[in-house]
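Worksheet: the structure to be examined is printed underneath.
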Amino acid sequence: MSATPPERAGAGAALAQVSNELGIAVGLTILGSLGTVVYRILLDLPHSPASVSVVDGIRDASARGDLQLLQHVRAAFTDAFNVVGLVGVGVLGLVLLLARPRPSRALPVTGMNG
């Protein structure tokens, strides 16, 4: 924003806000989808209500009194959540690496002959 001319400050602020909102929406979508995929892979119960969602899995396991299924659903969710967290940390690390200040390379000063 500091590099934006005063007469264009409104457009600069709008662009910054849109970029922020878009980044949140895309990040949430990608990480949420990743969590769902990991959960379903780890659960590996294709015809169970638990494969649809964690809530359905816990509800089904609790209604049937199936402690093994309940434990399996919770473990799959926890592992998927951990994978999403690790991917988020990795992306943050990459962003920090790319955004770090870099030393400028100054051209050598040559003496004047005269």
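The values are calculated or read from the model by the stated rules, or taken from the named source; none is laboratory data. The structure presented is a predicted model; accordingly, all values stated were derived computationally and were not measured. Glycine also receives a Cβ, built like all others from the backbone with ideal geometry; neighbour counts cover every protein chain displayed. With ligands, DNA and RNA removed, areas are computed over all heavy atoms of the protein, side chains included. Shrake-Rupley method; radii C 1.70, N 1.55, O 1.52, S 1.80 Å.
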Name the single residue, out of those in segment 56-94 being of a type in the set (A, V, I, L, M, F, W, C) and over 22 Å from the mean Cα position of the chain (by Cα), that is most open to solvent (accessible area, probe 1.4 Å).
LEU67
Somewhere in segment 36-48, is a residue among the acidic types (Asp, Glu), within 27 Å of VAL84 (Cα to Cα), modelled with pLDDT under 90 and surrounded by 10 or more Cβ atoms within 10 Å (Cβ to Cβ)?
yes
